[in-house]
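Colleague: I have a structure I would like to understand better, so I am pasting it below and will then ask my questions one at a time.
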Amino acid sequence: MKRLKLAILISGRGSNMEALLKAAAAPDYPAEPVLVLSNRPDAIGLETALEAGVPSLAIDHKAYGKDREAFERAMDAALTDAGTEIIALAGFMRVLTPWFVEKWQGRMINIHPSLLPKYKGLDTHQRALDAGDAEAGATVHWVSPGVDDGEIIQQASLPILPGDTTDSLAARLLPVEHQLYPAALARACAAIKARL
Ligand code: GRF
């Protein structure tokens, strides 16, 4: 079985990245991590990647000032050098330009902490609580030029309980995300292979 070369983009804690690395440790998982890339040099997730023996790299967006595309060209070069065939955004907190998104469209996925199409963007749990929703969840989707707007690959939900706060919801959702993302990434790999 050919495994697709996987790059994971992070900005911080990287717990979803860790879940993907754990899943990919199985030899029959359809993706093989080749690079973990962070836009923040102090991201904790970089240490986790190092411990897992996966090549990791920080490209500090601040070094590029307001020139988003120059930052993305540096990322693109590193991704291409690593032979990347699929990108998983995992808590990557930079908005990407149309140039980068179009270049990787159909090969880049993201995990978002809401049941899309509800609550694109930030503060998803607060918005779900404010709306009185009965459930919250997470979505893995293809990345398209609109923010959190691409085709949905897979979702997972959980009930909102009386007394829930944004923190309690986020804490209960995290292990759900860690199950969801490896399963959805495997589906994305199958979709890419079917296209080849
Ligand atoms: C997750 O809740 C994910 O859905 C969102 O950002 C958070 C990242 O957490 N996009 P981590 O860095 O994977 O621990």
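Colleague: Per residue, how large is the accessible surface of the chain? Use a 1.4 angstrom probe and give square angstrom.
Modeller: For the chain, the solvent-accessible area averages 48 Å² per residue.
Colleague: A further question follows. Among residues other than Ile87 whose Cβ falls under 11 Å from its Cβ, what is the net charge (Lys/Arg +1, Asp/Glu -1)?
Modeller: Neighbourhood net charge equals +1.
Colleague: Here is a further query. Figure the gain on full extension for Lys120 and Ile152 (residue separation times 0.36 nm, minus the Cα-Cα span) and round it to one decimal in nm.
Modeller: 10.3 nm
Colleague: Same structure again: Against the longest principal axis of the chain, how steep is helix 15-24, in degrees 0 to 90 to the nearest 10, with axes from Cα atoms?
Modeller: Approximately 60 degrees, to the nearest 10.
Colleague: Bin width 5 Å, origin at 0, all Cα-Cα pairs of the stretch 147-196: what percent of pairs per bin?
Modeller: 4, 17, 19, 19, 18, 11, 6, 4, 2, 0
Colleague: Over its Cα atoms, what ratio of radius of gyration to 2.2 N^0.38 Å does the stretch 1-154 give?
Modeller: 1.04
Colleague: Then there's this: Which FRET efficiency value, to the nearest 0.05, do you get for Ala78 and Ile44 by plugging their Cβ-Cβ distance into 1/(1 + (r/R0)^6) with R0 = 25 Å?
Modeller: It comes to 0.80.
Colleague: With r as the distance between the Cβ atoms of Ala26 and Ala134 and R0 = 35 Å, compute the FRET efficiency 1/(1 + (r/R0)^6) and round to 0.05.
Modeller: 0.50
Colleague: Express as a percent, rounded to the nearest 5, the fraction of DSSP beta bridges in the stretch 48-196 (both residues included) that run antiparallel.
Modeller: About 80 percent, rounded to the nearest 5.
Colleague: Counting only protein heavy atoms, what percent of the accessible surface of the chain is carbon or sulfur at a 1.4 Å probe?
Modeller: 55 percent
Colleague: Further question: Can you give the extra length, in nm with one decimal, that the chain gains between Lys2 and Lys103 once fully stretched, where that is 0.36 nm per residue apart less the Cα-Cα distance?
Modeller: Result: 34.1 nm gained on full extension.
Colleague: Output the 0 to 90 degree angle, nearest 10, between the alpha-carbon long axis of helix 166-195 and the longest principal axis computed from the alpha carbons of the chain.
Modeller: Once rounded, the angle reads 50 degrees.
Colleague: Tally Lys and Arg at +1 and Asp and Glu at -1 over the other residues with C-beta under 11 Å from the C-beta of Pro98: what net charge comes out?
Modeller: -1
Colleague: Report the one residue of Val101, Leu122, Ile153 whose Cα lies farthest in the direction of the positive end of the charge dipole of the stretch 94-174 (charges on C-beta: Lys and Arg +1, Asp and Glu -1; origin at the Cα centre).
Modeller: Among Val101, Leu122, Ile153, the one farthest towards the positive end of the dipole of the stretch 94-174 is Val101.
Colleague: Let's see if you can work this out: charge +1 on each Lys and Arg Cβ, -1 on each Asp and Glu Cβ, no other charges. What is the dipole magnitude of the chain about its Cα centre, in debye to the nearest 20?
Modeller: 480 debye
Colleague: By how many degrees, between 0 and 90 and to the nearest 10, does the Cα long axis of helix 68-81 differ from the longest principal axis of the chain?
Modeller: So the helix axis and the longest Cα principal axis differ by about 60 degrees.
Colleague: Can you tally the net charge around Leu180? Count Lys and Arg as +1, Asp and Glu as -1, for every other residue whose Cβ sits under 15 Å from the Cβ of Leu180.
Modeller: Net charge in that neighbourhood comes out at 0.
Colleague: Please identify every one of the GluC sites (Glu not before Pro) in the stretch 135-196 that sits in a loop by DSSP and has no more than 16 other beta carbons within 10 Å of its own beta carbon.
Modeller: Loop-located and lightly packed - Glu151.
The values are calculated or read from the model by the stated rules, or taken from the named source; none is laboratory data. Just so it is clear, the structure is predicted and the values come from calculations on it, not from any experiment. Note that we place each Cβ from the backbone using ideal geometry, even for glycine, and neighbour counts take in every protein chain shown. Areas reflect the complete protein model, heavy atoms only, side chains present, ligands, DNA and RNA absent. Shrake-Rupley method; radii C 1.70, N 1.55, O 1.52, S 1.80 Å.
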